[in-house]
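Have a look at the structure below, then the notes.
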Amino acid sequence: MGYFYLNYPLFNLEKVVIILIVTGYIMMIGINERWDQMAIAQINVAVVGCGVISDIYLQSLQDKFTITHVVACNDRNPEKMRAKAAKYHIKAMSYDAILADPDIQLIVNLTTPKAHYSIIKQALMHGKHVFSEKMMAVELAEGQELCALAKAKNLRLGVAPDTFLGGGIQTARYIVDHALIGDPLSVVVSLNRNFRVYADIFPHMNQRGGTLPFDTGCYYLTALASILGPAKQVSAFGRRYQPERVGQRTDKPWFGEKSTVADDNILTATMAYQNGVLATVHFNSENILNEDPQMTLFGSAGILKMGDPNNFDSPNYLTKQLNDPVKFPFTHGFLENSRGLGVADMAWAIQQQRPHRASMEMAYHVFELIHGMYQSAETGSIYQLQSTFDRPTPLPTGYLDNGFWGPTEESALAF
Ligand SMILES: NC(=O)c1ccc[n+]([C@@H]2O[C@H](COP(=O)([O-])OP(=O)(O)OC[C@H]3O[C@@H](n4cnc5c(N)ncnc54)[C@H](O)[C@@H]3O)[C@@H](O)[C@H]2O)c1
C-alpha cells in the first residue's frame, strides 16, 4: 500500500512524459510529411557559355530563385569555364558530359548566336529542356527545325529576352489589358546604339544574326508581342553604313583585324499586327552611345510611353486626354536585374505542367519578324508572316518585393 502511494505520482508523471513523447513523434511525422509535400522540387540546370552575361544568370538561378539548382557550367574556353565553376561552386563539365548526365534536366544556353543552333539541337536530342539567350538561331530554317524538334520530343524550348516578364513591361501590359488607353491603335519604336563601340567588344553584333534588330531590337519586338500578340505583315528599308571595320581595341585578340558588317545596320520598318495595330520602327546601330530608347503606344483613350524594354524596371507614363503624363505605379515585381526569370518561369511551368511564358512560338515569331524586315528591305516587297503564337498569360499582380511583409516575388511564378 505504502509503495503504491509513494509511487503513484511518479507513475503518473512517467505516463504523461510517454504520452508527450508519442504525441510529439506523431506530430513530427505529420509535419515532415507536410514539409515533404510543400518542398519545392528543384530543376537541375547546367549553364553553357561563361561570358559576360553568365554572372547575372548564375546569381539569379542560384540565389534569387528556389526552383532552379545550378549544378554545372561549360565553355569552349577552359579557363573561363574553370573560373566560373570556382566562383559559383559548381562543376566544370565538358558539353558531352553534361548531355550524358541524366540528373541535368535543363540547359541554359548563353553562348554567342552562331553556336545557339548546335547547342540547342544537341540538348534536345539528349532529352534536355533548353532555355537559350536570343535569338534561338541565325537562320529561319534552323529555328523552324529546333521548334519542330522540341515539339516532337515533348521538351521545353524557351528563348530570351525575358525582360518582358519584368515589372516594367508587365505593368504596361496591365495598362493595355485594362483598356486604360482604350483600343490600342498604333506604336512608334526607336532604338539607337553605337556598334562601332559595342561590336568591337562583342564581334557577334556585326555578324549575321547578331545585328541591332536581332541583338537589341528583339527586346522591343518581344515586349510588343507580349502586349499586342502576333504581327501579320512587315515592310522595311535598309542601309549598310560603312560596312568595312577594323578592330580598334588593343585589349582584344581581334585588334587590327578587318571585318565586314554582315547586314544592313540601319533599318526602318512598318508593321501591321493581327489585332489591327500599326507600328513604325527605327533601328540604327551607327549612332552615338547615348541611347534614346522609345516605345510609345497610342490608343483611342490615351498614350502609353514605355521605358527601355531592355530593363526590368522600365517606367510607364500614361497620358489621358488633356492631362499631363502620369508615372504609373508598378503592378508587378521583378524590377531589379532579374535575367534568368524566363528560366525560373520555365522550371515552374515544367513542375506545374503549364505553358512557360518565354515560349518558343513567340520567340520564333519575333525571329521571323526581324528576318521579314531584312527580306522586305532586300526585295522591296511586303513580307507576310507565316508564324503565330498565343500571348503568354500575364504574371499575377501584387507580387512586389515587400521583404518580410508578403510573399516572395518568385511566388508570382508558382501560382
Ligand atoms: N552581354 C550582354 O549584356 C548580354 C545581354 C543580354 C543577352 N546577351 C546574350 O547572351 C549571349 C552571350 O552573350 P555574352 O555577352 O555573355 O557573350 P560573351 O562573348 O561574353 O560570352 C559567350 C561565351 O560563349 C562561349 N561559347 C561560344 N560558343 C560556344 C560553344 N559552342 N560551346 C561552349 N561555349 C561557347 C564563348 O567562349 C564565351 O565565353 C548572346 O546570345 C548575347 O546576345 C548578352
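Here, each number is a calculation from the coordinates, and none is a lab measurement. All of these numbers come straight from a predicted model, not from anything done at the bench. Neighbour counts run over all protein chains shown; Cβ positions are idealised from the backbone, glycine included.
The packing ranking of peptides 145-155, 41-51, highest mean first, is 41-51, 145-155, where packing means the average number of other beta carbon atoms within 10 angstrom of each residue. Could you sort out which of Lys80/Lys258; Lys114/Lys258; Lys64/Lys87 sit more than 22 Å apart by Cα distance in this structure? Exceeds cut-off: Lys80/Lys258. All other residues whose Cβ lies under 12 angstrom from that of Gly49 are scored, Lys and Arg at +1 and Asp and Glu at -1, for a net of +1. Here Lys153 is the anchor, and the aspartates and glutamates within straight C-alpha reach of less than 17 Å, apart from those fewer than 8 places off in the same chain, are Glu142, Glu145, Glu361.
The C-alpha atoms of the chain define a longest principal axis, and helix 78-88 lies at about 40 degrees to it.
Leaving out same-chain residues fewer than 8 places away, which aspartates and glutamates sit with a Cα under 17 Å from that of Lys305? By straight Cα distance, Lys305 reaches Asp177, Asp183, Glu291, Asp292, Asp313, Asp324.
Kindly provide the helix-only [θ] at 222 nm of the chain, computed as the sum of -39,500 (n - 2.57) over DSSP H runs of four or more divided by all residues, to the nearest 500 deg cm²/dmol?
After summing the helix terms and dividing by residue count, I get -11500 deg cm²/dmol.
Here, the range 220-345 is characterised by an Rg to Rh ratio of 1.05, where Rg is the alpha-carbon radius of gyration and Rh the Kirkwood radius. Electrostatic bookkeeping for Leu155 treats Lys and Arg as +1 and Asp and Glu as -1; over the other residues with beta carbon under 15 Å from its beta carbon, the sum is +3. Computed on the chain, the Cα convex hull volume stands at 194 Å³ per residue.
What whole-number distance in Å separates the alpha-carbon centres of the range 120-175 and the range 385-415? The two parts, judged by their Cα centres, are 18 Å apart.
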